[in-house]
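Where a number appears in this text, it was derived from the coordinates with a stated rule and is not lab data. All figures in this text were calculated on a predicted structure; none of them were measured in a lab. With ideal geometry, Cβ positions are generated from the backbone for all residues, glycine too; neighbour counts draw on all protein chains shown.
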Amino acid sequence: MGLTWPDGHFFACDRKTGKLRDLGAIAGHRTFEDGAPRQVARALVSGGDGAVYTSGKDGVLYRYDPASRSLSPLAARLPALPGRESWASLEAAAVGPDGRIYGGTSDGYLFLFDPASGAVVNLGKPIRQGGFDGLVVAPSGRLCAIAGERGGMPREVRFDPQGGGFTLGGIPRAGQGLSMEGFGAVIAGAAGTVYAGELDRIARLVIYRIE
């Protein structure tokens, strides 16, 4: 599954036949600024229930059911200030050990979504900037995210679901230097190891631990 750019069509590809199905445009237009891009999510996430989730117009969450091959909007929406709904899109997401989904929005809000109940809990805005370059969940359930706008200064954010609080880190380091360009991909390996790839033309691989 994926989303097209710049029109925000949700599509599904049958790996056996190679055929694509266009399930329609779900992205909206971002308002307030001339020439602003479409509201296309940067992330899709496979939940503990086997369905795939992403966001669309005005921050509405969408659910794709692989069994019925159908896409449907949910009642749940991403956290957003009133009037900023057209800027709320899913930037990064990961599934916790209990099957619930943690996500970060383009406006910089961290949230928790429970596919079973359909409820979204706003966990707060860790830093002033918007955006998330990546978000991973360790086997213990602890979260590690790289927050900040692209082209700005990325910041490491950690969240403990048990304590419910943020731990804010500095700019991630790559070797002896600071990684100022942000990241294009962040994944979690075994035993809480995090791998992040820079966006810079001469990109470095950043490896660190969250346990």
| said: Sort 60, 121, 136 by Cβ crowding within 10 Å, fewest neighbours at the top. | reply: 121, 60, 136
| remark: Among 88, 53, 71, the residue whose Cα sits farthest towards the positive end of the charge dipole of the stretch 1-123, when +1 is placed on the Cβ of each Lys and Arg and -1 on the Cβ of each Asp and Glu, is 71
| query | How do 187, 26 rank when sorted from fewest to most other Cβ atoms within 10 Å of their own Cβ? | reply | 187, 26
| Cα centroids of the stretch 1-48 and the stretch 154-211: how far apart, whole angstrom? | 26 Å
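Around residue 57, what is the net charge, scoring Lys/Arg as +1 and Asp/Glu as -1 over all other residues with Cβ under 14 Å from its Cβ? Don't jump to the answer; show the numbers that get you there.
Details: positive: 30, 38, 77, 84; negative: 7, 58, 85.
Once all neighbours under 14 Å are counted, the net charge is +1.
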| Label 7 Å along Cα→Cβ of residue 98; the stretch 152-196 residues with amide nitrogen under 17 Å? | 159-166
| note | So, with points 7 Å from each Cα along the Cβ direction, the residue 20-residue 171 label distance in nm works out to 3.8 nm
| Expressed in nm to one decimal, what extension gain is obtained for the pair residue 208 and residue 185 from 0.36 nm per residue of sequence separation less their Cα-Cα distance? | 6.9 nm
| message | With 10 angstrom as the radius, rank 13, 144 by how many other C-beta atoms surround their C-beta, starting from the fewest. | response | 13, 144
